[in-house]
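The values are calculated or read from the model by the stated rules, or taken from the named source; none is laboratory data. This one's a predicted model, so the numbers in the text were calculated from it and none came from an experiment. Glycine gets a Cβ as well: all are built from the backbone with ideal geometry, and neighbour counts include every protein chain shown. Ligands, DNA and RNA are stripped out before the accessible areas are found, and what is left, the full protein with its side chains, is counted by its heavy atoms. Shrake-Rupley method; radii C 1.70, N 1.55, O 1.52, S 1.80 Å.
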Amino acid sequence: MPVGLFRVCLLVITAIVNHPLFFPKENGTVPENTEEIIQKMKEREESLRLEQLRLEQEIADQEATQEALEKAAVVVEESKEGKVRWDMWTALSMVIFLLIELWRQDFQEGNWQDIGGEEDDMAVLGKAFKGVALPDKAVLASFYEKRILGTTGDMARMREMVEGFADDLLEALRSVCNRDADMEVEDCMGVGSMYENWRVRKPFVCDLIVPFAPPEPYCFRCQTWCSGDSFPPDEQGYGTIKVCRADEDATGCICDKTKLGEDMLCLLHSQVSSTKPSSEMEDLLCFKNTQYLDADQVMKWFQIAVTKAWNRISHKYEFDLSFSLLDSPGALKIKFKSGKSIAFNLTPVVQYENSDVYFISHFPRSNLAADIPSSIHWFLTFAVYERRFIQLVSKTLPANACHISCLQILSFLHGKQCSLTGPSGLTNYHLKTVLLHLLQARPSQDWAPEKLEARLQDMLKFLEKCLHEKKLYHFFIGNGKVPAELGFPIIFQRAEPLNLFRPFVLRRDIYRKMVDTFHEMLRNMSALINEYTVHIPLAHTNGIRKEPL
């Protein structure tokens, strides 16, 4: 009962207190401020929502950062494990590779007769051609006496005749040229097999080079691939010849490299001398719009000059002179009324500084410069030094040494084989390079005449090894052992060795043909020699053992 009364009294008091009439002032402003309150509440709600979004973004960024760190830690751990696995696989692969290589070498040594015809699997000479043997000493001596000496006796008389006529022709050429505008031609020099006494195949052709120089006040400034500037691999062995005025600095005046103001004048060069008209450089046989000597223009000028010179002196001779080959601009032929003819090559060259190295415009009857990069690139010939080296070494060899005989026999066999199976990339210059290397490597007594057979074997083995490796280095370039007596330029001795077989590395068809021709020559060697050998009684040969290659 008291509890009930208390509840009723509390309800009445609450009703009276909350009645609006008891608070007229406070409750009377509520309807007027409702919209303002609502607006503030909305603004507050919006600010809270933005704050919530900001907090959510921060939390998401923290979670992403944490996740990235965890992933990076996993990647590092996996890379460490992968590196360990990779090192293990690398080591295992190297072991397997070495085992395979050792097995391959053992297999080749024990089963050389089963090797196929792939170029990289060629066996070393003496294995792939174990059954091939050189003819014995008596047969070789008879062959050399009959086939080589019997056909080269008139070489000296031919050289003398050609040199005398060439001197007369060049003298007439100087007389028809304008000394103030045309190139100045010097005396000719004989080079090559005819002047090194090892040419064997007819027709005999004399190779003469003719140095020339520009008219005053111009000069030639030569640059080779080993001068310091970078040359592409396909331009190694070549150089360029720049036509400059003699009073110009070798590196060029600064006025050629910078623009001088209108009120500034170079004290070394006037405007007339520093700017050379294009037509003037073309008159100096330069490539169009350049100062570089053009080999094609030089040969055209030389042919025209030779024709004018011959017209001046033709009445003195009872024969005709003509250019014999279109692809060899300097190839000339003397035709007698009897029908006989004599061929020779007259090729203009440019001397490299004060040495006997020459820039040659064209190689007659040779593919040494078959892929000249452009007509402003000139190939360097060391023919004069090669001739001098052979003469120098010959003085230290025994009497009647067999070095020239080896080269003659090998040149003859290669020429006969090419006449049967067609030409190959292998040339007589390659054969001579092999001989030069062996002359430097072997002592003098090894070239005694009775050792002809052994030295011929050495040349064949050396050549086969070079073919197998596709490397035959030029004798002089990069050779620091050249005798000082020759006075050979040191710049070429310090240069990187020049591989004469480099053009065949990418031209697999020519390389394959070259190797096949060499192998076929080995197989046909005995037949080719016996074909030109006088019959020798067996009594002369029974005591001589044939040494297989």
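The simple spin-label model puts a point 7 Å past each Cα toward its Cβ; for Lys146 and Lys470 those points are separated by 4.2 nm.
Exposure check, 1.4 Å probe, all protein chains in place: Lys461 carries approximately 90 Å² of accessible surface.
Taking other residues whose beta carbon is less than 14 angstrom from the beta carbon of Asp356, and scoring Lys, Arg as +1 and Asp, Glu as -1, yields -3.
The accessible surface of segment 466-512, taken with every protein chain in place and a 1.4 Å probe, is 54 percent carbon and sulfur.
For segment 290-366, the extents of the C-alpha atoms along the principal axes are 45, 27, 25 Å, listed from largest to smallest.
Please give the FRET efficiency for Ala448 paired with Ala138, using the beta carbon to beta carbon distance and R0 = 25 Å, rounded to the nearest 0.05. Kindly include the intermediate steps, with their values, before the conclusion.
On the way: r = 16 Å, r/R0 = 0.66.
Approximately 0.90, to the nearest 0.05.
When the accessible area of segment 287-369 is split by element with a 1.4 Å probe, what percent falls to carbon and sulfur? Accessible surface attributable to carbon and sulfur in segment 287-369 totals 49 percent.
The stretch between Ile510 and Glu36, if pulled fully straight at 0.36 nm per residue, gains 160.6 nm over its current Cα-Cα span.
Which FRET efficiency value, to the nearest 0.05, is calculated for Ser93 and Leu50 with the Förster distance at 45 angstrom and r the Cβ-Cβ distance?
Values: r = 62 Å, r/R0 = 1.37.
It comes to 0.15.
Our estimate of slack between Cys219 and Val76, defined as 0.36 nm per intervening residue step minus the Cα-Cα distance, is 44.8 nm. Within segment 204-221, what residues put their amide N at less than 19 Å from the label point 7 Å along the Cα-to-Cβ vector of Asp247? Answer for this model: 214-221.
Here the calculated FRET efficiency for Ala527 and Ala441, from their Cβ-Cβ distance with R0 = 35 Å, stands at 0.70, rounded to the nearest 0.05.
The distance between label points at Arg502 and Leu69 comes to 5.8 nm (points 7 Å beyond Cα on the Cα→Cβ vector). Modelled label positions at Ser374 and Thr290, each set 7 Å beyond Cα in the direction of Cβ, lie 0.3 nm from each other.
What pairs in Lys333/Lys513; Lys137/Lys513; Lys202/Lys300; Lys300/Lys513; Lys470/Lys513; Lys432/Lys465 have C-alpha atoms more than 23 Å from each other? Intermediate results must be reported in sequence, preceding the final value.
Details: Lys333/Lys513 32 Å; Lys137/Lys513 31 Å; Lys202/Lys300 28 Å; Lys300/Lys513 34 Å; Lys470/Lys513 13 Å; Lys432/Lys465 16 Å.
Check vs 23 Å cut-off fails for Lys333/Lys513; Lys137/Lys513; Lys202/Lys300; Lys300/Lys513.
Full extension of the segment from Arg157 to Lys395, taken as 0.36 nm per residue of separation minus the current Cα-Cα distance, would add 83.3 nm.
Cβ under 12 Å from Glu184's Cβ, Glu184 left aside: what net charge do those residues give with Lys, Arg +1 and Asp, Glu -1? Summing Lys/Arg as +1 and Asp/Glu as -1 gives -3.
Could you order the peptides 424-434, 507-517 from most to least packed, using the average number of other C-beta atoms within 10 Å per residue? Before the final figure, lay out the partial values.
On the way: 424-434: 20.3, 507-517: 15.9.
Result, highest mean Cβ count within 10 Å first: 424-434, 507-517.
The string of couplings for segment 461-466 from the Karplus curve (6.51, -1.76, 1.60, θ = phi - 60°) is 5, 4, 5, 5, 5, 5 Hz, one whole number per residue in order, with x for Gly and Pro. Each peptide in 237-244, 57-64 gets a packing score, the mean of other Cβ atoms within 10 Å over its residues, and the list from highest to lowest is 237-244, 57-64.
With a 1.4 Å probe and every protein chain left in place, work out the accessible area per residue of segment 327-480 in Å², rounded to a whole number. Could the numbers behind the result be given before it?
On the way: 5790 Å² over 154 residues.
For segment 327-480, the per-residue accessible area is 38 Å².
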